Each structure stands twice: as C-alpha cells, then as structure tokens.
Amino acid sequence: MSGPRAEEPAVTGSATGPVLEVKDLHVQIATRRGVVHAVDGVSIEVPRGEAVGLVGESGSGKSMTLRAILGVLPGEAKITSGQVLLDGTDLVPLPSSSLNRIRGPKLAMIFQEPMSALNPVMRVGWQIAEGPMVHLGFSRAKAAERAVELMRRVGIPDPERRFRAFPHEFSGGMRQRVMIAIALACDPEVILCDEPTTALDVTIQDQILRLLARLCRESGVSLVFVTHDLPVVAQLCQHLAVMYGGQIVERGPVHDVFARPQHPYTLGLLRSAPDVEEIRDSLVPIPGSPPSLISPPSGCRFHPRCQFAEDDCQTTVPPLRLLAGGRATACLHHERCDEVLEAEGATR
Amino acid sequence: MSEPVMPEKGVGEVGGLPPAEAVASDAPVPLADFVAVKGAGEVGGDAPPGPLLVATGVSVGFPVMSPIAARIRHEERILRAVDGVDLTIERGEALALVGESGSGKSTLARALTGLVPLDSGEVKLDGKALGKRRSKADQRRVQMVFQDPYSSLNPRLTVAGILHELLNVHRVVPRSEVAAFSKELIGLVGLTEDALPAYPRQFSGGQRQRVAIARALALRPELLVADEPVSALDVSVQATILNLLQELRSTLGLTLLLISHNLAVVRHLCDRVAVMYLGRIIEVAPTAELYANPAHPYTRGLLAAIPRMTPMSEDAPAVIGDPPSPLRIPSGCRFRTRCPIAQDICAREDPALTTAPGSTGHQAACHFAFGPVPPAAPDTDPDAESATPAPAAGSS
C-alpha cells in the first residue's frame, strides 16, 4: 500500500561495502481489525565490524525489523516486499532449509529474555556446542572444547564446571553471557541484538555492554542493536536509526544525531529522557501516543504529535532525505530542529 | 471467563458495611480543600513537627524451604530481604530508594506500606508506632503505586468502579459525593471525565499509571510510595508520569518514596537518595551530594555504570560480578566480594552506617567511606565466599 520511500544510495561507505543491507522492507500482519503495517519501507545498512542502533518506542517496528532480517517472524506476520542482503545474497526468498544454514554461521541473534530463549532442560555447555556441531561439523569433544573457550571469552567464571550447569542455575547477567556465547559459537558476521540489556540491572548492563563492545573490536562482528534506551546506543553503536510508526525517520552517525537531531521525534526522545549528567527543570514529554499501524496518520506519521507540524505535513509523505555527513531525515521541516537547538543555546 | 462476573453494583454493596472508622475528620472536601488539607499535613489531626515516617531496625524475611522440608532437615532457611534497615522520611520530601534487583528495595517499600509483615523493627508514622495490623486510618496514610499498570488495575472494574469502591470502603467522602470526588481525582492526574466509565484495557500504559496514581491519591495519603512507576512505560511516556509526580508533590505537598533502579530518574525527581545493597541501606545522602561525592564504593560503581551519552571507555566494568545470593550473605561487609578496595577488615567487620564528619545527612556504611581510600590493589582474600564468581569481562 504505502511505498513512498524511494531507494537511497549508501549512507555509510565502507571499503568492502556493508555486510548486511536491508532494502525497502515491508512487513505486514493480517489481523481481524485490518492489516498492520508493522515495518513500512525500512532500509538499513550495516557496515562490517560496526554496530548500528535501532531505536524507537514499543510498536515502532524495531523488533519486527530484526525478526524479519533473521526470518523468524511470528504467526501472521509476512514480508510483503523488500530485500535483506547478507553479503549480497537476498535472504527473503530463501526457503527455511537454506536459512537454517545461514542462521548461526552468518547471522545470530541475542534475545531480550535469556531465560525464555535458552533451553531449560539442556546443559548450557551443550547449547553453546550445538551450533559448531551442526554447522561447522565439529566432533562432540571439539565442540565442547570450543564451548568452554567461548564461555571463558564471554566472562563466565569457572567454565569447565559451569559447562554442565542448567540455565536456571545462572543469574540474569550470566544467562545473557551464555546467549552471547551461543551467538558467537559459529563466528557469525552479524549479531542481531533485541534489547539484550533491558531486563538487566545497570551494573550488569554495563558489564554486558562492555563485553559486546570488546567482542566487536576483537572479532570484527557487526551488530544490529535494538533498544529504546538512547544512552545505551551512544555507548555501543557507531550508527543510529530512529524508527517511528514502522518507518525510519532519522539516521546517521550516533553522536552527530544526538548532538544535532534533525527530526522532531529524535529531538523529543532526547528531551523526554532524564539524563544523569544534566539536570533540567522539567522533562518535555512527547504529547499524544504512538500511531495506529492499521490506519496510520496521513502524510508524516509523526505530525499529530509534532511541534513543528504544518499543513503540508498532513498531506505530504516525507521521504528519507540525505543530509551532509552521512545523515538522513524524514522531516519536511528539519531546519526547525536547529532553530530550537540554537534558541536553547545548548548543543550537547 | 471462569470467574464470576463482578457486578458493577458491587461497589454499592460494599458500602453496606457498618462504618468501621470514624468519618469525623473526613468531611466532604472539594479539591481546593484537598490541597489545603494536604499542605497543612493535618490529616492525622494536629501533626507534630519532625519526620513523617521513621523506620528502625526493619527486617523482613521469607522462608525459602517448604515447611515440611524445613521440619525434616531441622532447619529453616530464611531469605532476609531487608535486614535491619533504619530510614527516616521527612515531611514533604522526595526520597529515592535505589539498588540492584534483589537488594530489597521493593520489599522495604512494601513493608513500609504495610503489605508485608515485619519480622522485627518498627515503623512510626508521625511518632505513632504502626502495629502488625494497621487500622484503616493508618492504611490510608501510606499508599502505593505499583510498577506494572497492566497488572495492578482490576480489569473487570471501570475506573469509576475502582475509585468508588475504594472511596466507599474507606469512607473518604460521603456516599453522595463519591462521584464528584472521583471526577476531581481523575482531573488531578490529568485525565478527563471520559476516563471514568472506561475499563483499564482501553488505556495506554501511561494513562493506566495515571489511574493507578489517582487510586493511590483517593485516600489522601501523606506518603505516596511509588515502586518503579515508570519502568514499564515507553521513554516518551515516562516523562509525563515523572512530571505528574513532581506536580502532585508541589500542589498536594505529598511526601514521596520513589523506588527506582534508574539513577537518572532519581536525580531528576528526588531530594534525597538511599542506596540499598543486599537488604541494607549502605548510603544515604542529599541527591546533589550523593552524585557529586559518593562515599561508598558500591554507589560509585552504580553511578559509573549508568550509560552516558558519550562513547564508552575501554575500561573494566564499574562493578564486577553478580550480587551474591541473599541466602549466602558474605561475612563482614556485604559488598566486599565485588568491592575494588576491599581490605582484611572488610571480611571481619560489618561496617555500620556512619555520618560524614561535618556534613549533615550524608551517611555511608563503609570502613573507608569518609577517610582515605585504600589502594584498589587486590587483597589477600580472594572472594572467600564463592557466592560471587568474581572478575568477569574485565579479566583480560
């Protein structure tokens, strides 16, 4: 139905080209109340060895995008158009048998709730060893050895003994380390992370983020990191894509976007979250609530909540326009953000 | 569907009970008076000056073995979620309780609200000790807002039903004014009258939390306990609830106890912060003081662990390892298994909460809190209790 978003050329040019490229992806969910356009023309590029943060409120389509990349969409959700190019191969038309050969050695995923993602009746060591045995043809002994080495690498103390433990014997942070070890087991090129630290305490979140950053540096794996927590993205990622109503509304290098947001939604997100470093008199919430994805607002989907909205925002669907510095915004009046920032006289 | 459908008139039936508590002090109060009454802090009669709530030596434990297993093994294992906590809440202040999950902050909040019984210790409200079973009048004075507005509201009652039931049971206002008072309450939390005939499922998370706050305010509490009121909400909605809490504080003169793991939220909203670790309060200080000069190594780690808007350094994590199990609390200082500056004395002696010299209101429970900090060199006592497997990612 809606495909107003034209293809944009590469935003971030890496020497070897992006390892993962999502092009104009559409995911729809058929419900009794109508078709939900959960992901509506999303394009992302993931450069080799770098981390891309995907940020948005619940219902913005960020998790659905991630699941579509891996081909594990729930129930009625279907990819209706678009491409997911991994090393130039489109994953969308592939049958699940071929996808199974890619999930693990090339693409891996870390889920938010490790307890529900791990097998509760299988020793964690064997859960880690399973991938290398299935995909890399390792013998049991060799795979077990690799599992112990991986457990050590992700910071699980006493890995030889903990190999034989069950998930329930681990704390939340340790379970997430097990998930990371499973994801790393077959040396994937891209790891998709679906809010991996949201369920954890700050201290443990800090440990896991540092671990992921170190693994990224060491092994050159790329990350797609979905979260609603902006500072987490600032810590870990080089690139940022902000999603709203199933679409990407802004993207660019993380710190440029945070310093000078070019979309009122990004600006709103930054203004509404309390920051430890900076105490503001009052937080500025974004008025209204997220749009219905069955019958989204006309024109720009953010216009009913937007402080800059003008008449044309209701009629014109803003394309994701390229700006200088590898950035892009889907706002017709993005200059207004600069005006606000200047008026505040505080550019972070 | 298996449950019997609760008739909406249920609300009215409850009112059939004999008036248990005196209604005397609760004359019909329109909003203006509502505010005035709160501001003057007169709800409990002539309130003495001094702190609103004083908790001394509060302990709460939960048996973790089945009673049969306990009898067979001749032992009873108690998980001491809160272990001898002293806490003072001044009238009109906003106090934050922060800590990791399992630190006992929610249990302490529930104990202060009267939702879990105390094993030992005492809670005094306005100098009056609250008994094991609180009278309705005392229950009213401390009210709570829960974390998850999706599960804390009765799905079978409309908003009006929820409020009417409460107002009738507690006889906050005469029957004839219940409807009008409900409207005021719902306006107070920024919803319109249209909300009254609606069911919780018809609201978004933020709106539900507003209803939950209205419900807590309905009894005109003096102390509002908010247990992670925004952590189940979306970022853009969190701000509206935080602003609402702040607004209510200034208009109603409410005293607020905010439980949170989010130190950014706390810094924004609270006057004073108490940090909990494994059932104890390990540091209390005015907010600005705590963020500027954290005295306890755990507080320092907690602050350092907050994600900033700047890129992450390649340092080791701020706090290593997981918190030990509350069933196997380390000897001496509870934090020593994860502490970067732990010394011999820390394994032997449990540090008491001491007040900083020259500063009022900054207390910390660390042997080295306000003195010179020993070098961070690893001590000869490498994690005696294996409850915490120590260095993790930072080891390489």
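Computed from the coordinates by the stated procedures, all read-outs in this text should not be read as laboratory data. All of these numbers come straight from a predicted model, not from anything done at the bench. Neighbour counts are summed over all protein chains in view; Cβ atoms, including those assigned to glycine, are modelled from backbone coordinates with ideal geometry.
Fully extending the segment from residue B:74 to residue B:328 would add 89.6 nm, taking 0.36 nm per residue of separation and subtracting the current Cα-Cα distance. If you place +1 on the Cβ of every Lys and Arg, -1 on the Cβ of every Asp and Glu, and leave all else neutral, what size is the dipole of the protein assembly as shown about its Cα centre, to the nearest 20 Debye? For this selection, approximately 1760 debye. If you take all other residues with their beta carbon under 13 Å from the beta carbon of residue A:29, and give Lys and Arg +1 and Asp and Glu -1, the sum is +2.
Going from the fewest other Cβ atoms within 10 Å to the most, the residues B:169, B:189, B:275 appear in the order B:169, B:189, B:275. Per residue, the protein assembly as shown reaches -9000 deg cm²/dmol at 222 nm when only DSSP H runs of four or more residues are counted, each adding -39500 (n - 2.57). If you sort the three axes of the alpha carbon gyration tensor as a ≥ b ≥ c, you get a/c of 1.5 or more for chain A and a/b above b/c, which makes it prolate. Listed by chain and number, the lysines whose alpha-carbon sits under 16 Å from that of residue A:78, ignoring those within fewer than 8 places in the same chain, are A:23, A:62. Summing Cβ point charges (Lys, Arg +1; Asp, Glu -1) relative to the Cα centre of the range B:242-344 gives a dipole of roughly 240 debye.
Projected label points at residue A:168 and residue B:134, each 7 Å from Cα along the beta carbon direction, are separated by 3.5 nanometres.
With Rh defined as the Kirkwood radius, the inverse of the mean 1/r over Cα pairs, the Rg/Rh of the range A:259-299 is 1.08.
Placing pseudo-labels 7 Å out from each Cα toward the beta carbon at residue B:349 and residue B:90 gives an inter-label distance of 3.0 nm. Does the protein assembly as shown come out rounded, prolate or oblate by the C-alpha gyration tensor, with a ≥ b ≥ c the root eigenvalues, rounded set by a/c under 1.5 and, if not, prolate when a/b is larger than b/c and oblate if not? Verdict is oblate for the protein assembly as shown.
For the range B:227-294, what class follows from the C-alpha gyration tensor (a ≥ b ≥ c being the square roots of its eigenvalues): rounded when a/c is under 1.5, otherwise prolate if a/b is larger than b/c, else oblate? Note, shape of the range B:227-294 comes out prolate. Once the Kirkwood radius over Cα pairs is known for the range B:142-297, the Stokes-Einstein relation at 25 °C and 0.890 mPa s delivers a diffusion coefficient of 149 µm²/s. In this structure, the amide hydrogen of residue A:43, modeled 1.01 Å from its nitrogen in the peptide plane, lies closer than 5 angstrom to those of A:24, A:25, A:248, counting only residues at least 5 positions away or on a different chain.
Ranked by how many other Cβ atoms sit within 10 Å of their own Cβ, fewest first, the residues A:102, B:282 fall in the order A:102, B:282. Each of A:140, B:280 was scored by other Cβ atoms within 10 Å of its Cβ. Listed from fewest to most, they are A:140, B:280. Its Cα gyration tensor gives the range A:33-78 an equivalent ellipsoid. The semi-axes, each the square root of 5 times an eigenvalue, are 22, 12, 9 Å from largest down.
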